[in-house]
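Trainee: Take this structure first; my questions come after.
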Amino acid sequence: MTKKVNVGLDVVIKLLYPRPVVLITCIDSSGKPNIIPMVWSMPTSFDPPLMAISVALTRHSHKLIAETREFVVNVPTEELAKQVDYLGSVSGRDVDKFKASKLTALPAKKIRSPLIGECIAHLECKVVSKLDTGDHTIFIGRVVSAQANRNVFKTDYDLDKVKPIFRYKKSYLTLGEYVQSSPF
């Protein structure tokens, strides 16, 4: 067995990377949309269907989600890596991120925050709970509508057709080879 070493507390979270990137869309009270790339997201329940996102208190999107109590989880693919990187480098306080990134805002079915047309899947969420966790807030959203591209999700998620992107340090990557199948 390999000998263990102590690591700094600042490294602990980094041990959980790479993580999948999603694009969260939200709106302000007047309806102006914003986009924030995020790796701190996860499903938390099948029944009811719930998603959690962890947003830094300093982010413009934090204020918007707290006020409107809704967001959309959009799933980008490798073709959007440059836009994802750009979206993380500017603030929606200063820039219209849809216009600047040339992404398409589409109407959602059940909430006001838009979908991103170029993404392959969308989970519309209404905030049902929040938890303050230091310098972030975890927003728990009930999924009220889910859509996906037909060619990608006929019956199940087809990784041969889709290349979701992951964030590791200051880089983006896609999935590699399968290393093990599981009966579970």
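The values are calculated or read from the model by the stated rules, or taken from the named source; none is laboratory data. Note that this is a predicted model, so its numbers are computed, not measured. Don't worry about glycine lacking a Cβ; one is built from the backbone with ideal geometry, like all the others, and counts go over all protein chains shown.
Trainee: Go through (1) within 22 Å of CYS125 (Cα to Cα); (2) surrounded by fewer than 16 Cβ atoms within 10 Å (Cβ to Cβ) one by one and return the number of the condition LEU64 breaks.
Mentor: Result: LEU64 passes all but (2).
Trainee: Looking at LYS3, LYS32, which is the one that is under 25 Å from LYS110 (Cα atoms) and either in contact with a helix residue (DSSP H, G or I) (Cβ under 6 Å, 6 or more places away or on another chain) or among the charged types (D, E, K, R) (or both)? Spell out the reasoning first.
Mentor: Numbers: LYS3 fails: under 25 Å from LYS110 (Cα atoms).
Step by step, each of LYS3, LYS32 is checked, and only LYS32 is under 25 Å from LYS110 (Cα atoms) and either in contact with a helix residue (DSSP H, G or I) (Cβ under 6 Å, 6 or more places away or on another chain) or among the charged types (D, E, K, R) (or both).
Trainee: Could you please give the count of residues in region 97-116 that are in contact (Cβ under 8 Å) with a residue 60 or more places away in the chain and either surrounded by fewer than 15 Cβ atoms within 10 Å (Cβ to Cβ) or of a type in the set (Lys, Arg) (or both)?
Mentor: Quick first cut of region 97-116, residues in contact (Cβ under 8 Å) with a residue 60 or more places away in the chain only: 97-98, 101, 103, 105, 112-116.
Still in the running and either surrounded by fewer than 15 Cβ atoms within 10 Å (Cβ to Cβ) or of a type in the set (Lys, Arg) (or both): 97, 112.
Qualifying residue count for the region: 2.
Trainee: Continuing with this model, one more query. Would you tally the residues in region 1-23 being of a type in the set (Val, Ile, Thr), modelled with pLDDT under 95 and assigned to a loop (DSSP other than H, G, I, E, B)?
Mentor: Going through region 1-23 one residue at a time, the tally reaches 3.
Trainee: Here is a further query. For the subset of region 101-129 comprising residues that are farther than 15 Å from MET51 by Cα and among the charged types (D, E, K, R), which member is nearest to the chain's Cα centre (by Cα)?
Mentor: So the residue we want is GLU118.
Trainee: So which of TYR168, TYR157 is closer than 22 Å to THR44 by Cβ, surrounded by fewer than 16 Cβ atoms within 10 Å (Cβ to Cβ) and of a type in the set (Ser, Thr, Tyr)? Show your work before the answer.
Mentor: Values: TYR168 fails: closer than 22 Å to THR44 by Cβ.
That would be TYR157, the only listed residue that is closer than 22 Å to THR44 by Cβ, surrounded by fewer than 16 Cβ atoms within 10 Å (Cβ to Cβ) and of a type in the set (Ser, Thr, Tyr).
Trainee: So, one more: Condition first: outside any loop (DSSP other than H, G, I, E, B) and either small (Gly, Ala, Ser) or under 25 Å from PRO49 (Cβ atoms) (or both). Now tell me which residues in region 69-95 satisfy that. Give the steps one after another, and end with the answer.
Mentor: As a first pass, look at region 69-95 and keep what is outside any loop (DSSP other than H, G, I, E, B): 70-75, 77-87.
Within region 69-95, GLU70, PHE71, VAL72, VAL73, ASN74, VAL75, THR77, LEU80, ALA81, VAL84 qualify.
Trainee: Report the residue count in region 130-184 for those that are at positive phi and either modelled with pLDDT of 85 or more or within 15 Å of the chain's Cα centre (by Cα) (or both).
Mentor: 1
Trainee: So, of the residues in region 24-59 that are assigned to a loop (DSSP other than H, G, I, E, B) and among the β-branched types (Val, Ile, Thr), which turns out to be nearest to ILE13 (Cα to Cα)?
Mentor: VAL39
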